[in-house]
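For reference, the structure is listed below as structure tokens.
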């Protein structure tokens, strides 16, 4: 079974680095100031909903894409070495966010950023940052069926509306497939030069890749305990790993129904958060240069 299909089943996969463990331990012992990546209005709205923002959490992974797949390149085929490397980076970053939140005693994580960068050509950085949340009316009650803190990348307003409908976030999911379609022969290319014809090898190949990516997304979130995937989309990057290749990445948000949850989510005056947000627009701007002397 490939990394795409198996890594999402265990949210403890991927070792949390010692530096991260040390930071979490200092916070637990009262040696660090509480921090949050939420805006002023989000912070207030979360508290009104019954969530205590505990601390900022981070998950990242740097993956080396050094393995080259050459077998089967004369046939349409998935480049599993690349699919697995991308999945490894994304899922390790995601599980480390959950691990940090778990050590803080959180129920979930509100993701504020998901970033990808590459450097030196073959090293790829996957990074996720968010705020760990504790559900004060019932601590531990909103964790996923696997015992992990939930991960939500939707807005606070969306989270509120879903909770009021007894829907709990489970996780963000990824299904990745890097696919290669072989070159046409010279005879095939010349025969199609002056004709409008469908190229079945490409059509079938891209259909197959999209289906693989989507099925992996569904399997990953299903294993995590989701019964519904929302806001799903498939992003395609052509030429990602050479000519006649494409990366298909299915992304979605897993949710599950929790009967009776709406009864413990309070009515929130949304105008308060709106007024705070409007006020923050006109706040003073901090400067990082010395003031000019007055003459």
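Nothing in this text is a laboratory measurement; each read-out follows from the coordinates by a stated rule. These numbers were taken from a predicted model, which means no experiment stands behind them. Positions of Cβ are generated from backbone atoms using ideal geometry, with glycine treated the same way; all protein chains shown enter the neighbour counts.
What to note about this one:
- Fewest-first ranking of 253, 64, using other Cβ atoms within 10 Å as the exposure measure: 64, 253
- Along its three principal directions, the equivalent ellipsoid of region 34-261 from the Cα gyration tensor extends over semi-axes of 40, 19, 14 Å, largest first.
- Using only Cα coordinates, the Kirkwood hydrodynamic radius of region 69-139 works out to 14.6 Å.
- Cα point-scatterer Debye curve for region 45-166, base-10 log of I(q)/I(0) at q = 0.11, 0.17, 0.21 Å⁻¹: -0.48, -0.84, -1.09
- Protection proxy ranking, peptides 111-124, 93-106, 35-48, 74-87, average beta carbon neighbours within 10 Å, highest first: 93-106, 74-87, 35-48, 111-124
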